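The values are calculated or read from the model by the stated rules, or taken from the named source; none is laboratory data. No experiment lies behind these values; they were computed from the predicted model shown. Glycine also receives a Cβ, built like all others from the backbone with ideal geometry; neighbour counts cover every protein chain displayed. Side chains are part of the model used for accessible areas, which takes the heavy atoms of the whole protein and leaves out ligands, DNA and RNA. Shrake-Rupley method; radii C 1.70, N 1.55, O 1.52, S 1.80 Å.
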Amino acid sequence: MSERLTDINVRKALPPARGQTLLWDAEVKGFALRVTPGGARAFIVDYRAGGRQRRFTIGAYPDWSVQAARQVAKELKREVDQGRDPMGERHGERAAPTLTDLWERYQIEYLPRKAPRSQADERSIWEKIILPRLGKLKLMAIDHTAIDSLHRDITTIRGTPVRANRTVETLRKAFNLAIRWNWCERNPASGVRKNP
């Protein structure tokens, strides 16, 4: 049974003994208030995308008013009608590879092809320079600015311009491999101006 959600009936919603209760909105199909046994209230929207049932949490009550949550639910439903999957996109962003993931695959698939001395040098670059600074970032979040900044810092702070150039070359090759592996679409290390 559904009725139009209002601030009054949201406030009066009683928590269930266990599980969760969903109070469905009569105005927007798939929009509801979820109430937990602890009394927490959150607005959700259910939809189908790509043959899968999805549940997207909009936000908690009273941080979100009924009116604001309903408006977001309408916008999400429009996006779904246009073929998008907001929850799938959120999961995709969380599962997107980081630079550390790229390093792990790079050292297994590419590094063994190099001479032992080159392997040791690149391993040192990754472990001492690249990963401490950029390792936790998603590949899609790394841009030219981050690479330029890293190059500049290695050049000026460490005072090792050749090492800075090698670091950029290592990243350029790694991002080219990431593009080949369909992990990202662009190479932020391309076009970085190197030291003379």
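Spread over its residues, the convex hull of the C-alpha atoms of region 1-108 is 155 Å³ per residue.
3J(HN,Hα) couplings calculated from phi for region 46-63 with the Karplus curve 6.51 cos²θ - 1.76 cosθ + 1.60 (θ = phi - 60°) are, in sequence order, 9, 7, 10, 9, x, x, 10, 7, 10, 10, 10, 8, 7, x, 8, 8, x, 4 Hz; Gly and Pro show x.
For region 96-173, chymotrypsin sites (Phe, Trp or Tyr not before Pro) meeting the loop criterion (DSSP other than H, G, I, E, B) and having at most 16 other Cβ atoms within 10 Å: Tyr110.
Distance check, please: which entries in Lys74/Lys138; Lys114/Lys173; Lys114/Lys138; Lys114/Lys136 exceed 21 angstrom between their Cα atoms? Going by Cα-Cα distance, Lys74/Lys138; Lys114/Lys138; Lys114/Lys136 fall outside the 21 Å limit. Within 10 Å of each candidate Cβ there may be at most 16 other Cβ atoms; applying that plus a DSSP loop requirement, which trypsin sites (Lys or Arg not before Pro) in region 15-98 survive? Here the trypsin sites (Lys or Arg not before Pro) that fit, given the DSSP loop and packing criteria, are Arg18, Lys29, Arg84.
Each of Gln53, Phe43, Ala32 was placed along the dipole of region 13-68 (beta-carbon charges, centred on the mean Cα), and the one lying farthest toward the positive end is Gln53. Of the heavy-atom accessible surface of the chain (probe 1.4 angstrom), what whole percent is carbon and sulfur? Carbon and sulfur: 50 percent of the exposed surface of the chain.
The spacing between region 12-33 and region 61-94, judged by their C-alpha centroids, is 17 Å. Taking Cα extents along the principal axes in Å as the quantity of interest, determine which of (1) 46, 43, 33; (2) 57, 38, 22; (3) 70, 35, 31 was computed from the displayed structure. Correct label, based on the coordinates given: (3). In the full protein context, region 68-196 carries 58 Å² of accessible surface per residue, based on a 1.4 Å probe and ignoring ligands, DNA and RNA. Bridging of Lys77 to aspartates and glutamates at a Cα separation below 18 Å is possible for Asp25, Glu27, Asp46, Asp85, Glu89, once same-chain residues fewer than 8 apart are set aside. Of the GluC sites (Glu not before Pro) in region 1-105, the ones in a loop by DSSP (not H, G, I, E or B) with at most 16 other beta carbons within 10 Å are Glu3, Glu27.
The convex hull around the C-alpha trace of region 37-97, projected and averaged over every direction, spans 5.3 square nanometres.
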